[in-house]
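The values are calculated or read from the model by the stated rules, or taken from the named source; none is laboratory data. Keep in mind it's a predicted model, so treat the numbers as computed, not measured. Here the Cβ positions follow ideal geometry from the backbone for every residue, glycine too, while neighbour counts run over all protein chains shown. Surface accessibility is based on the protein's heavy atoms, side chains included, excluding ligands, DNA and RNA. Shrake-Rupley method; radii C 1.70, N 1.55, O 1.52, S 1.80 Å.
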Amino acid sequence: MSDSAVQIATVVISVAALVFSTTAAFWALVYNRRQARAVAQANALTEKAQQGQAEPYVIVDIRPRIPGSSLLVLVIENIGQTLARNVRISVSPPLQTTLGAERAETLNRAVGRRIATLPPKRRIPFVMDVGHQLFSSELPKVYEFRVESDGPFGRVDPLTYTVDLEALRDSALETDSTEWSAHQIAKHLKRSADAQEGQSRSVEALSRQIQRALERPNPEHGADIEGAGSLESAVQQIPMEPLGDGGALT
């Protein structure tokens, strides 16, 4: 092989090696850039997740005061892990209640007022309505709330969601709570106490009748009646009349 052929072969090999190395470097650069972008995205997601966990989370809800209660309350609550600042709430349509215009005004003033700070796990409840009264009325049952606030990293993304009270219509309102059970027990105890009081009044009235009968002279037995005969005679003189509604003799 001549020197010129060797030189040409050497040049070809060098060019091929250069092309290969350039191509490899290019694809390595592309790969590294993709890897760097993927790492950056992963870091951003991780940072966002960590930031999200450290953000306040303020919600507005309408719920039974306790599970099973017929009393509905409007609750403003920070269920997040950090302090919420400058909380702003708006609602559409304006809140309405069967408890009157003054209560409705109080509720709308509560959601329209800016809250300077709301610590974690803090909840602010407001009496809103009574379940059976609300569901038997023509008042709105669906409200849309928008909540804005500031956290440790600045402004928190606004939260917009819908509260549909129709979901509570067929729930266990008024039946399954300790509050309702205590109410029922108290009602029965009051009835029992009233009945006992009526019986006590009846016994007292009967005792007074017997006492008056004993103190009244009996013409058939003389002025001095003694022993069992006097008691029997006194009882016979008491008018046998039915008890009135109040538990006393009529």
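No other residue among A172, A186, A167, A182 is aliphatic (A, V, I, L, M) and either farther than 20 Å from V73 by Cα or at pLDDT 95 or above (or both) apart from A186. Could you list all residues from the stretch 128-165 that are assigned to a loop (DSSP other than H, G, I, E, B), in contact (Cβ under 8 Å) with a residue 60 or more places away in the chain and surrounded by fewer than 18 Cβ atoms within 10 Å (Cβ to Cβ)? Matches in the stretch 128-165: P152, F153. With respect to the conditions (1) among the charged types (D, E, K, R); (2) touching a residue at least 40 places away in the same chain (Cβ under 8 Å); (3) surrounded by 13 or more Cβ atoms within 10 Å (Cβ to Cβ), K121 falls short on a single one, namely (3). If the condition is being part of a loop (DSSP other than H, G, I, E, B) and either open to solvent by 50 Å² or more (accessible area, probe 1.4 Å) or touching a Cys at 6+ places or on another chain (Cβ under 9 Å) (or both), then the stretch 67-93 contributes P67, I79, Q81, L83. Using the structure shown, decide if I8 is open to solvent by 50 Å² or more (accessible area, probe 1.4 Å), at pLDDT 75 or above, over 30 Å from P94 (Cβ atoms) and out of contact with any His (no Cβ under 6 Å at 6 or more places or on another chain). Spelling it out, it is not the case that I8 is open to solvent by 50 Å² or more (accessible area, probe 1.4 Å), at pLDDT 75 or above, over 30 Å from P94 (Cβ atoms) and out of contact with any His (no Cβ under 6 Å at 6 or more places or on another chain).
Remark: L83 matches the filter, which requires a residue to be at negative phi and modelled with pLDDT of 80 or more. Just so you know, in the stretch 94-115 the residues that are aliphatic (A, V, I, L, M) and open to solvent by 60 Å² or more (accessible area, probe 1.4 Å) include one that is nearest to the chain's Cα centre (by Cα), and it is L99.
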